[in-house]
Amino acid sequence: MKTQLELTLKEQELRRARKQAGARAVQRNAGGFLLVRSWLERITNIFEGNRFGAMTVMLTFQSCLGSVAAYYATMNNAELAVILAASVTMSSNAAFIAQSPAAWCVRIFIISLIANISIIALNIL
C-alpha cells in the first residue's frame, strides 16, 4: 500500500505537470461549479493534437471566407475593408504555413474569422 506521503507527492507531481502543460483552471463564482478550462485553451489543445489536419481545414476555410469578404468589400468600393480582409487572411495563412505555435495559429485564425465575418456583414447591409 502507498503511504499518505507517496500519494501527496504524486498529487504534487500531477499539479506541476498540469501547470507546465498550460492547463489553467477557471473557477466559477462560489456556486459549486466544477473547474473549467478556458475555451481558447481547449481549442488550442484540439488544434495541437490534430495539427496538420486541422491546419489544412482551417487554412482552406479561412482563405475562402477572406476571399468572400474581399469580394463584398470590392463590390461596395470599400478599399479599406479589402485591405483589412487581405491582411488578416494573409497573416493567418502565414502563421499556418510557418508552423507557428498552436496558440498563435488559433488566436490569429479567430481574429481573422471575426474580421472577415464583420466585413461581410457590414457590406451586405
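Sort through Ser100, Ser92, Ser112, Ser63 and tell me the only one that's touching a Phe, Trp or Tyr at 6+ places or on another chain (Cβ under 6 Å) and polar (S, T, N, Q).
On the way: Ser100 fails: touching a Phe, Trp or Tyr at 6+ places or on another chain (Cβ under 6 Å); Ser112 fails: touching a Phe, Trp or Tyr at 6+ places or on another chain (Cβ under 6 Å); Ser63 fails: touching a Phe, Trp or Tyr at 6+ places or on another chain (Cβ under 6 Å).
None of the other options fit; the residue is Ser92.
Condition check: assigned to a helix (DSSP H, G or I) and within 15 Å of the chain's Cα centre (by Cα). Does Val106 satisfy that?
Values: assigned to a helix (DSSP H, G or I): yes; within 15 Å of the chain's Cα centre (by Cα): yes.
The answer is yes for Val106.
Only residues that are touching a residue at least 24 places away in the same chain (Cβ under 8 Å), crowded, with 17+ Cβ neighbours inside 10 Å and not small (Gly, Ala, Ser): list them for the stretch 99-125, please.
Cys105, Val106, Arg107, Phe109, Leu113, Asn116, Ile119, Ile120, Asn123
Within the stretch 77-98, how many residues are surrounded by 13 or more Cβ atoms within 10 Å (Cβ to Cβ) and not hydroxyl-bearing (Ser, Thr, Tyr)?
Here the count works out to 11.
Based on what the data block shows, is Gln62 in contact with a Lys or Arg (Cβ under 9 Å, 6 or more places away or on another chain) and either closer than 27 Å to Ser38 by Cβ or buried (at least 16 other Cβ atoms within 10 Å of the Cβ) (or both)?
Details: in contact with a Lys or Arg (Cβ under 9 Å, 6 or more places away or on another chain): no; either closer than 27 Å to Ser38 by Cβ or buried (at least 16 other Cβ atoms within 10 Å of the Cβ) (or both): yes.
So Gln62 fails the test.
Among all residue pairs at least 6 apart or on different chains, which show Cβ distances below 8 Å where the first residue, located in the stretch 45-68, is among the basic types (Lys, Arg) and the second is in a helix (DSSP H, G or I)?
Every condition considered, the pairs that remain are Arg51/Ala102.
Going by the conditions given, is Asn77 in a helix (DSSP H, G or I), at pLDDT below 95, more than 18 Å from Met55 (Cα to Cα) and not hydrophobic (A, V, I, L, M, F, W, C)?
Taking the combined requirement at face value, the residue does not satisfy it.
Can Arg42 be described as of a type in the set (D, E, K, R), under 19 Å from Leu113 (Cβ atoms) and modelled with pLDDT of 85 or more?
Numbers: of a type in the set (D, E, K, R): yes; under 19 Å from Leu113 (Cβ atoms): yes; modelled with pLDDT of 85 or more: no.
No.
Do the conditions hold for Leu84, that is, is it closer than 25 Å to Glu48 by Cα and in contact (Cβ under 8 Å) with a residue 24 or more places away in the chain? Write out each step before concluding.
Values: closer than 25 Å to Glu48 by Cα: no; in contact (Cβ under 8 Å) with a residue 24 or more places away in the chain: yes.
Here the answer is no, as Leu84 does not meet what is asked.
The values are calculated or read from the model by the stated rules, or taken from the named source; none is laboratory data. Keep in mind it's a predicted model, so treat the numbers as computed, not measured. All Cβ positions, even for glycine, are placed from backbone atoms using ideal geometry, and neighbour counts span all protein chains on display.
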